[in-house]
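Structure, as structure tokens:
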Amino acid sequence: MSLHSESKRMPTCYAEGFRKASEIDSDIASNYLTHTTIADPEADALIEELATLDRTLSTKYINAAMDRREDKLVGAPSIIKDFFAGASVVPDWVDYESFIPGIKMFHRNSKIVLAGFVGGVLVEGFSTNISKSFFITGRVRDTGVRRLKQNNRHMVEIFMPGGLLRDGDGWKLSVRVRLIHAQIRHLLEHSDDWDTESWGVPVSSAHVGYSITAFSARLLEHMKSLGAKFTEEEARSFLAIWRYSGLLMGIPETILFRDMEEALKIFEVGYCCEPDPDEDSISMANSLINSAPLVAGITDPKDRRDLATYVYSVSRALIGNELADALMYPSQSTFGVLPWFRLQGHYNRLVGKLFPGFVQNNNYTNFTGLMDVSEFDEEGISYRLPDHVHAERSTPW
């Protein structure tokens with residue numbers, strides 16, 4: 001089916017936003033709405049095939065394909081080999097050497113990357129219909145700490161030297177995300193919880209394409225607000241890394257950004273297409289903020305509340321009062337929040353140079369230390385997939 005014919009089936013919840021977004025850029029708005037009805041045919045077909053197999057066997061085949069263990073793929077359905085062969089093809093526009101400046105920039109600014117991620121782009125993402133699949137499945141409400149740690153691990157690995165080479169963990173974790181998206185889509189489409197007519201397909205190409213602009217270009221804007229320093233070359237490299245990871249995650253090139261300008265425009269227009277935040281968005285955004293102390297390993301109730309209050313203040317300063325109020329954030333003044341955050345960052349870097357090994361314990365260090373907390377399973381990377389639409393009823397994955 002062509003993109004043009006797909007676009008005729010506009011999900012009903014986007015009608016009002018589409019009219020407003022078309023005034024900004026009608027082509028991008030039309031393309032975005034088209035992709036709300038487009039999924040990932042190759043990954044979806046693979047998941048349908050795996051659903052006919054025993055769970056242990058399907059996990060074994062995925063492990064073998066990820067690690068290119070041909071001896072373990074004897075008897076496996078040909079679609080598994082075909083899928084991974086297709087995913088292994090490197091487009092002409094990928095230049096591994098160009099990733100080096102972005103990798104260096106990421107690690108130099110790693111202490112504030114997750115502050116911009118949690119306090120900025122993830123919250124902005126949850127203010128859209130992206131929140132619905134997360135809310136229905138409970139992936140942040142009930143298993144939020146593990147999910148956030150897995151997100152951290154993915155981000156760390158794609159920014160490791162060689163991480164996006166075929167045998168790198170960044171490559172494998174990016175493809176893992178693609179398979180998880182397909183599995184969630186499969187589960188939601190076979191449940192009574194998803195309203196396709198109103199919302200489009202679950203985990204649509206529009207939403208994944210939108211997310212990658214947030215993780216890259218929009219994240220750079222938040223990082224700069226929080227005090228990150230980087231050159232234009234480093235910014236382009238950072239975007240290039242996310243762009244290739246996005247392709248590996250199954251985003252079609254028809255909605256995959258090419259540069260900073262296009263990424264920000266897709267982010268702006270896509271956001272405008274989305275309906276206003278609803279109860280699902282409010283629940284998910286606030287669950288995310290309140291998960292931060294748990295990810296940081298803070299056990300004292302007062303310390304948890306203090307850190308959550310701090311994260312709320314930074315997040316409100318990043319996303320603006322209008323969105324923060326729509327998400328029912330606590331009332332707070334944002335006056336001086338970002339300058340104080342940047343000053344704390346400068347102070348902590350100075351102390352680190354003068355007194356190596358000295359560890360401060362405050363809300364800033366706890367928040368910016370979230371990047372140090374990633375999910376490293378003892379048995380290695382898990383390629384298990386959720387087997388129930390609701391997280392609390394799914395086998396651990």
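The values are calculated or read from the model by the stated rules, or taken from the named source; none is laboratory data. Predicted, not measured: the structure shown is a model, and the values here were computed from it. Positions of Cβ are backbone-derived with ideal geometry, glycine not excepted, and every protein chain shown enters the neighbour counts.
Annotations
- Being at pLDDT 95 or above, touching a His at 6+ places or on another chain (Cβ under 8 Å) and surrounded by fewer than 24 Cβ atoms within 10 Å (Cβ to Cβ) is a property that holds for residue 254.
- One residue from 65, 21, 45, 39 being assigned to a loop (DSSP other than H, G, I, E, B) and touching a residue at least 12 places away in the same chain (Cβ under 8 Å): 39
Residues checked against (1) crowded, with 23+ Cβ neighbours inside 10 Å; (2) within 23 Å of residue 119 (Cβ to Cβ); (3) out of contact with any Asp or Glu (no Cβ under 9 Å at 6 or more places or on another chain); (4) acidic (Asp, Glu):
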| position | (1), (2), (3), (4) |
| --- | --- |
| 209 | yes, yes, yes, no |
| 217 | yes, yes, no, no |
| 223 | yes, yes, yes, no |
| 231 | no, no, yes, no |
| 236 | no, no, no, no |
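- Number of positions in region 352-397 that are at pLDDT 75 or above, small (Gly, Ala, Ser) and assigned to a loop (DSSP other than H, G, I, E, B): 1
- Residue 27 meets each of the listed conditions (1) under 23 Å from the mean Cα position of the chain (by Cα); (2) at pLDDT 95 or above apart from (1).
- Among the helices (runs of 4 or more DSSP H) confined to region 73-161, the ones with at least 2 residues that are among the basic types (Lys, Arg) and over 15 Å from the mean Cα position of the chain (by Cα) are located at 100-108.
- Residue 262 being in contact with a helix residue (DSSP H, G or I) (Cβ under 7 Å, 6 or more places away or on another chain) and either under 21 Å from residue 341 (Cα atoms) or not hydrophobic (A, V, I, L, M, F, W, C) (or both): no
- Taken together, 207, 181, 154, 190 contain a single residue that is under 23 Å from residue 243 (Cβ atoms) and at pLDDT below 95, which is 154.
- Of the candidates 284, 260, the single residue that is in contact (Cβ under 8 Å) with a residue 40 or more places away in the chain, within 18 Å of the chain's Cα centre (by Cα) and closer than 23 Å to residue 31 by Cβ is 260.
- In this entry, residue 36 passes the filter for residues that are surrounded by 14 or more Cβ atoms within 10 Å (Cβ to Cβ) and either farther than 21 Å from residue 382 by Cα or small (Gly, Ala, Ser) (or both).
- The number of residues in region 68-89 that are surrounded by fewer than 17 Cβ atoms within 10 Å (Cβ to Cβ) and free of Cβ contacts under 8 Å to residues at least 24 places away in the same chain comes to 11.
- Condition met for residue 56 (among the β-branched types (Val, Ile, Thr), surrounded by fewer than 19 Cβ atoms within 10 Å (Cβ to Cβ) and touching a residue at least 40 places away in the same chain (Cβ under 8 Å)): no
- Contact annotation: no residue pair with Cβ atoms under 6 Å, 6 or more positions apart or on different chains, pairs a residue in region 313-330 that is touching a residue at least 24 places away in the same chain (Cβ under 8 Å) with a partner that is exposed (fewer than 14 other Cβ atoms within 10 Å of the Cβ) and among the basic types (Lys, Arg).
- Residue pairs whose Cβ atoms lie under 9 Å apart, sitting 6 or more positions apart in sequence or on different chains, and linking a residue in region 345-359 that is within 22 Å of residue 228 (Cβ to Cβ) to a partner that is at pLDDT 70 or above and among the hydrophobic types (A, V, I, L, M, F, W, C), are 345/112; 345/226; 345/228.
- Any hit, region 317-337, residues being crowded, with 22+ Cβ neighbours inside 10 Å and of a type in the set (D, E, K, R): no
- Against the list (1) surrounded by fewer than 19 Cβ atoms within 10 Å (Cβ to Cβ); (2) closer than 25 Å to residue 149 by Cβ; (3) of a type outside the set (Lys, Arg); (4) out of contact with any Ser or Thr (no Cβ under 7 Å at 6 or more places or on another chain), the condition residue 348 fails is (4).
- In region 192-207, residue surrounded by the most Cβ atoms within 10 Å (Cβ to Cβ) [restricted to those that are in a helix (DSSP H, G or I) and among the polar types (S, T, N, Q)]: 205
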